[in-house]
Amino acid sequence: MTQFNWTNIDVRQFAPDTSVAKEGQKLAVKELWRSIGRDQYSLWGEYKGSESAPYQVKIDLLRLMNGQPATECTCKSRKTPCKHVIALLLIFTDRPEDLTIASPPEFMKTWLDKVAQRSRRELDRKKRAAKPIDLERRAKTISERQAKISAGFEELELWLLNLIRQGLADPQLKQASFWEAKAARMVDAQAPGIATWLRELAHYPTQQADWVQPLLEQLGRMYLLIQSFKRFDQFSEPVQADLRSVIGWYYKKEDVLDGEILRDQWFVIGRREQELDQKLRSQRLWLQGRNGRSALILEFAYGDVPFDTTLNVGSLIDAEICFFPSAYPLRAFIVQQEGEPILGQSLHGQSILENAHRYSAALAKNPWLIEYSFIVEAGIIRPHKGNGWILREPDGHYMPVSSQFTRPWSLMSLGGGHPLRVAGEWDGRTFYPLGALDFDDRYVDFSEIPEN
Amino acid sequence: MTLTPELITAVTIGTHHAPPTGFDEGQILIKAVTESLRRSAGWIPKQHSQALTPPISDQPEPLCRPAAARYLGDLITFPQPEVMNEWAAEIIRRGERLPNEWLPVVLMAGAQERQWRDALYPLVQNRGRWLVTHFKRHWNWFDPPRNPTKTWTGSAIADVRLDALKNLRRMRPDKARALIEQTWKTDSANFRLRVFEQLLHNLSLEDEPLLERALDDPVVDIRAYAAELLKRMPESRHYQRLSARVIPMVKCQRPNGTWGKLKFDFDPPYSLDDALNRDGILPNVPSRYRNMSPEKWFLHQLFASVSPRVWCERFDLTLDELLIAAENTNPLYAIFDALAWATYRAQDLPLAYLLLEHHDKRINDRHRLPMFSLLSSDHQEALLLKRLGDSHGLDQHHPAFYMLHYTHHRWSAALSQAVLDSLKRYLKSSTAHPVKELIEALQRFALLMDPEFHQAFDTVLEEENSPLPAWIEMSNHVNRVMAFRRGMLRAFNE
């Protein structure tokens, strides 16, 4: 049997949400299944659901352990993995003896063949990608996209100027459809980053008290982007890359493998998931290198597709990291990881002021930068002015804590009034704590704790 | 370069209506972004001048495993809320504490669910108290309110008032009693009865005047409850009055050579006077004793009013002899049931064990089960293993059935196995659809059984050719709960 060492908890964490995990647990009973079986590398089962034909559940354990897509179920659930996959995995982790050891049935063999073919195609695609790049074709593609974005931006510029002319008190600004129409146009113009940005702005007039100036600043930022994009070709590649990043014109990993690669020991300081719109979610995973460099692993997911959670917050990994081009490289991806992650390593921080200086320096290089990692050496969280919170240092310096941080009491309880080393995200105005180190060098990941 | 109020006004109502001097729309937007960037890049922390809250140190107990702590997140929404109690008890049993970052979740859970409060209380720790005292007062469900009098007289919510009373009674019984007396005349009869239930904690002779007055209460249930509490205090005047009436009525005949049997004889007046009636001796036979005559009921109440040890001392009887005498006395059922009632009132554990071991069929459930709950878990298991060892299968009529309900500890492997074997025997002998009572009981047993037996119900059903769907459904439920508990308890060692 392959060394598949997941536990019940790992399987439940693999579920896209808690309801799937719970439903999966309910179905993890042998008697509810028409058949279940396994061989050395895979699991399969047939579950009689509401359809006339039983659902066929297939799991490739080897691929699953390698973090590749490795499950399939014929049910109509939009969630991946569905409750049937979770149930079969739970039977395997909790009661492996319930699974009959046999050779795979026909439906499993067909699927495994299909998966193997897909892997081969993927390999071929990678090989093709490794071939010399057709520079002419690439230039043409870039130029076409640039033209589309420029056309979209021309409209956007007029729209922005018109907004100021009409006034931000215009009641239609409070309607989501007003912003959505322009966001849809930006998707057509191949500027998805602007579309997401516009959808965020739709909340300003309805969710903030003093919203005029913050909204005006965001609109100004958008206007500056349009003016900058008009001079796109005059900028250096890193500056172009930063503009592209805001627009949502992302580089592919294979395009940047000849960029800056850094091997170091990286401490995983925290992850933050955010809903960008009804379908799209993002996950920011922050790493801190021993050399002092920060790295951001940014991922996007549609619908209920789970994010990669193989990197444990609080662990130290030895890895080669490749940075995407930028005037201040921050976004990165892991090229290769060496050895196993180590838990319980300590993390070093700085004062709030020193962190703020680092942020200023970064902003000077990349004015489009928003989120940045702060590690505060000694911070105490406390309530401030009504419902707000601050993180203050023993000497009295403080920064406001983001109202989106929903575990302030956990951070307060962790410290018990003593200063803690706290890591998190700074967005230029507020700090969002992601994790903290307690007095026993235990790193606490706040995303694991229910809201309080 | 700042955004002046004039510019903000112009942007709000529209430059079309209020054109600012010297700026077009594009320049306003550039000014806004410049202002924003200047502020972000030039941000420096402000100074907070208020004094910091005095910090609190950690308690010395080691932390439980992170995986065990994470179960708290699942337990809050787990369909069987009782599992939370087992989780909390396991942390305490192991001499561990919950990591500090989880304490707000404990405090919130206790604030939302009353049923978890007793179990979660030991997890609050000093740090939880610190958090509540300095910052989050409305999470304080574990300490008496600072001003219980205000809560008692000011709140209109019965549960809030009773919580305040309950907490105060545990710490200052005298003050709690004073509060009860303060509003006794204005509180409703139902509420007063619930108030009296709180007197069970720290019951003492100092409560006697209040209870004596309650013997004249117009509400019959309050009179009865007051009499019941007074009977639990042998030093009370009520107990003394009854003893003085009952003891002379009871004789114990010892065998004379080979003649006669050890037994009790009664010489009761068979007439209920006002004094006895005031002391809680009731004329009407309750429905649960519908086969008992008024005379036997009268005798039953009198015999139950005096501690059984009184007869041992008065007639020089061992406990075994006491039971032999009761066995030889008529009316047998009334005597044993009264003896059980008196045993429970006196909290006499050795006698309770003997009664349950040898005479439990002669005792009404109303007294048998509370008496069973007095026993230690070892004694409970010993009794249950004996009961389950008989040839009858476990169903709702089995003598162990309700006793199993009254256990509050995690069953040993031996007891879990015995229950399963007994259930197997029942399934073999019955093709009937399981009654709701049995299904519900088995679902509760899933919370008590050794969770390592989580697949055991499958094996019970495997021996059935075609188990009924209700059994399969019940088995799935039991498996789910037990698998969850098993995972949870294992997480403490991960």
* Structure fact -> Here the residues within segment B:283-311 that are part of a loop (DSSP other than H, G, I, E, B) and under 30 Å from B:P209 (Cβ atoms) are B:P283, B:N284, B:P286, B:S305, B:V306, B:S307
* With respect to A:L285, determine if the residue is surrounded by fewer than 20 Cβ atoms within 10 Å (Cβ to Cβ) and not acidic (D, E). => no
* Asked: Within segment B:305-337, which residues are under 35 Å from the mean Cα position of the chain (by Cα), closer than 23 Å to B:M233 by Cα and in contact (Cβ under 8 Å) with a residue 60 or more places away in the chain?
  -> B:S305, B:V306, B:S307, B:V310, B:W311, B:I335
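Name the residues in segment B:47-56 that are surrounded by fewer than 14 Cβ atoms within 10 Å (Cβ to Cβ) and either more than 30 Å from B:F492 (Cα to Cα) or touching a residue at least 40 places away in the same chain (Cβ under 8 Å) (or both), would you?
Taking segment B:47-56 and keeping what is surrounded by fewer than 14 Cβ atoms within 10 Å (Cβ to Cβ), we get B:47, B:49-51, B:54-55.
Listed by number, the residues that qualify are B:Q47, B:S49, B:Q50, B:A51, B:P54.
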* **One residue from B:P451, B:P434 being modelled with pLDDT under 90, out of contact with any Pro (no Cβ under 7 Å at 6 or more places or on another chain) and buried (at least 18 other Cβ atoms within 10 Å of the Cβ)** => B:P434
* Structure fact -> So the helices (runs of 4 or more DSSP H) completely within segment B:85-186 holding 1 or more residues that are assigned by TED's automatic domain parsing to the domain that holds B:L199, on the phi < 0 side of the Ramachandran plot and surrounded by fewer than 21 Cβ atoms within 10 Å (Cβ to Cβ) are B:148-154, B:158-171, B:173-183
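Is it the case, given these coordinates, that B:A189 is small (G, A, S) and at pLDDT 90 or above? Lay out the reasoning, then the answer.
Details: small (G, A, S): yes; at pLDDT 90 or above: yes.
So B:A189 passes the test.
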* To do: Scan segment A:287-304 residue by residue and report those that are touching a Leu at 6+ places or on another chain (Cβ under 8 Å) and more than 19 Å from A:Y251 (Cα to Cα).
  => A:L287, A:Q288, A:G289, A:N291, A:R293, A:S294
* Structure fact -> For segment B:443-476, the count of residues that are farther than 22 Å from A:R95 by Cα and assigned to a helix (DSSP H, G or I) equals 3
* To do: Kindly establish whether A:Y328 is buried (at least 17 other Cβ atoms within 10 Å of the Cβ) and within 22 Å of A:K252 (Cβ to Cβ).
  => yes
* **Test: A:E299 is assigned to a strand (DSSP E or B), in contact (Cβ under 8 Å) with a residue 40 or more places away in the chain and within 26 Å of A:H203 (Cβ to Cβ)** => no
* Of all the residues that make up segment A:67-97, how many are without any contact (Cβ under 8 Å) to a residue 40 or more places away in the chain, over 22 Å from B:M482 (Cβ atoms) and part of a helix (DSSP H, G or I)? -> 0
* Structure fact -> Flagged pairs (Cβ under 6 angstrom, 6 or more apart or on separate chains; first in segment B:362-391, at pLDDT below 90; second among the charged types (D, E, K, R) and surrounded by 18 or more Cβ atoms within 10 Å (Cβ to Cβ)) are B:I363/B:D337; B:N364/B:D337; B:R368/B:D360
* Identify, please: which residue in segment A:3-51 is within 23 Å of the chain's Cα centre (by Cα) and away from chain B (no Cβ under 14 Å) and is, among those, nearest to A:P96 (Cα to Cα)? -> A:F14
* **Long-range neighbours under 7 Å by Cβ, at least six apart or interchain, first residue free of Cβ contacts under 8 Å to residues at least 60 places away in the same chain and more than 9 Å from chain A (Cβ to nearest Cβ) within segment B:63-84, second charged (D, E, K, R) and not in a helix (DSSP H, G or I)** => B:P81/B:E113
* State the number of residues belonging to segment B:21-46 that are touching a residue at least 12 places away in the same chain (Cβ under 8 Å) and touching an Asp or Glu at 6+ places or on another chain (Cβ under 6 Å). => 1
* Structure fact -> Filtering segment A:1-58 for residues that are surrounded by fewer than 20 Cβ atoms within 10 Å (Cβ to Cβ), of a type outside the set (D, E) and part of a loop (DSSP other than H, G, I, E, B) leaves a count of 15
* Asked: (1) part of a loop (DSSP other than H, G, I, E, B); (2) buried (at least 22 other Cβ atoms within 10 Å of the Cβ): which one isn't true of B:G280, the others all being true?
  -> (2)
* Structure fact -> Reported set for segment B:16-29 where residues are facing another protein chain (nearest Cβ under 7 Å) and either surrounded by fewer than 17 Cβ atoms within 10 Å (Cβ to Cβ) or more than 12 Å from A:L216 (Cβ to Cβ) (or both) is B:H16, B:H17, B:G26
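Rundown of residues vs (1) surrounded by fewer than 20 Cβ atoms within 10 Å (Cβ to Cβ); (2) within 13 Å of chain B (Cβ to nearest Cβ); (3) not in a helix (DSSP H, G or I), yes/no style:
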| residue | (1), (2), (3) |
| --- | --- |
| A:A209 | yes, no, yes |
| A:Q213 | yes, yes, no |
| A:L216 | no, yes, no |
| A:L219 | no, yes, no |
| A:Q227 | yes, yes, no |
| A:D233 | yes, no, no |
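The values are calculated or read from the model by the stated rules, or taken from the named source; none is laboratory data. Not measured: the values here are computed from a predicted model. Methodologically, a virtual Cβ is constructed for each residue, glycine included, from the backbone with ideal geometry; neighbour enumeration extends over all protein chains shown.
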